[in-house]
1. If we sort 200-211, 176-187 on the protection proxy, mean other Cβ atoms within 10 Å, highest first, what's the order?
2. Round to a whole number: what % of the accessible area of the chain belongs to carbon and sulfur, probe 1.4 Å?
3. Can you give the angle from 0 to 90° between the axis of helix 271-290 and the longest principal axis of the chain, with both taken from C-alpha atoms, to the nearest 10?
4. Among Arg269, Arg306, Arg2, what's the order by accessible area (1.4 angstrom probe), most exposed first?
5. Would you calculate a helix-derived [θ] at 222 nm for the chain, using -39,500 (n - 2.57) for each DSSP H run of n ≥ 4 and dividing by the full residue count, to the nearest 500?
6. Mind checking the per residue accessible area of the stretch 19-269 for me, 1.4 Å probe, whole number of Å²?
7. Using the eigenvalues of the Cα gyration tensor, what equivalent ellipsoid semi-axes result for the chain when each is taken as the square root of five times the eigenvalue, whole Å, largest first?
8. How much net charge surrounds Pro251 when only other residues with a Cβ under 12 Å from its Cβ are counted (Lys, Arg +1; Asp, Glu -1)?
Amino acid sequence: MRAIYLDHAATSFPKAPGVAEAVARHLEEAAGNPGRGGHRLTVAASRAVESCRLAVARLLGGDPARTLLGPGATFWLNTLLAGLLGPGDRVVVSALEHNAVMRPLRRLERTRGVTVAVVEGGPGGVPHARDVAAEVTREPTALVVLTHASNVSGALLPVEDIAAAVAPVPLVVDGAQTAGSIPVDFGSMGAAAYVCSGHKGLLGPSGTGVLLLGETLAGRLEPLVLGGTGSRSDSEEMPVELPDRLEAGTPNAAGLAGLAAACRWLAERGVEAVARHELELVRHLAARLAEVPGVRLHGWDPAAPRVGTLSFTVEEHDAGELAARLDREHGLMLRVGLHCAPLAHRTLGTFPSGTLRTGIGPFTTRADVDTLAGAVATLAGGG
Ligand SMILES: Cc1ncc(COP(=O)(O)O)c(C=O)c1O
């Protein structure tokens, strides 16, 4: 039985060609502490980090001077929310947010009196720009935070339209599900910040993530974590310059060397081509699954913009049991449950039982997707 990985929305596997080699090469040849001192290994490690910064900035349309590297999207979302929101500030979010946004906000509600308004959106929870703008003008609002694509349904949010509609209120985009999966140009998005994982669509190692900052937030964002930077070591205060102000402690330089290789591979392959491939396969999968009696697709709109993620359930079948059988009997790896996004599942009407989620990646084939549809049909039919 061939093992088939269909959990790219959680993390990508396999990684891009060249990533494992770049990580190994870094550990064997360049594993000094970046920015700490001036010997050759430190210089080699610094080069690896800076080369990653350039590769990421180039791929996502960020300014390298305001491209920050860290351990993941969660870290950067926490940095933004804790670093920007003060007592009594109001935040507007969509009804599709991940807990990487909701949990920090719920704590800020308790500890700083921050208030959170959720825009319900249309079918599938995707908000219209005009509704977000109406919510923002209802009461003074400090920040809008939106996922770029739902990690449950794969639906894309119109972040460019929303950024324009809510201006000058800053928009933070959680791009965990879009970086590397659809073309992203932060420079023309209109958002104040864009956050993403390095280990999902960007096809890099886990323990890597990116924050792209626009000019307006770059001067005022406070670090979440403070410590050594290798620069201004005479001072017990954080340096004010970026990236050091927001990048305390020894970075995951080996992971970033891998992420740089992944970004270079994506640039060569073309994110546009990856997006086309994933969209074609997800549409094919949806059509095949829709033919299976009892299958329900959640948040699926064939005409709406989306990434290659699709959630479904099968009537009369427990999703957890189905996922276990798909893995055990058919070699298919899917994510089941609430996907760290209870708010999105409430919106889609799939809380608390959750869904089976298929995450398609650049190396997924039509045969993989057909195997899944066939296996679901077998299990749904009592096989
Ligand atoms: C929409 C969304 N936001 C944030 C995250 C957190 O990303 P990371 O694993 O890089 O911290 C995820 C990961 O599942 C996600 O899907």
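The values are calculated or read from the model by the stated rules, or taken from the named source; none is laboratory data. Computed from a predicted structure; not experimentally measured. Virtual Cβ from ideal backbone geometry, glycine too; neighbours counted across all protein chains shown. Areas reflect the complete protein model, heavy atoms only, side chains present, ligands, DNA and RNA absent. Shrake-Rupley method; radii C 1.70, N 1.55, O 1.52, S 1.80 Å.
1. Working: 200-211: 27.4, 176-187: 23.6.
The packing order, highest mean first, is 200-211, 176-187.
2. Details: 8400 of 15940 Å².
Exposed carbon and sulfur together represent 53 percent of the surface.
3. With rounding to tens, the tilt is 30 degrees.
4. Working: Arg269 95, Arg306 20, Arg2 135 Å².
Ranked list, largest accessible area first: Arg2, Arg269, Arg306.
5. Working: 13 runs with 155 residues, N = 383.
About -12500 deg cm²/dmol.
6. Numbers: 10200 Å² over 251 residues.
I get 41 Å² per residue for this part.
7. Working: eigenvalues 242, 147, 56 Å².
For the chain, the semi-axes come out at 35, 27, 17 Å.
8. Working: positive: Arg36, Arg53; negative: Glu50, Asp244, Glu247.
Combined, the nearby Lys, Arg, Asp and Glu give -1.
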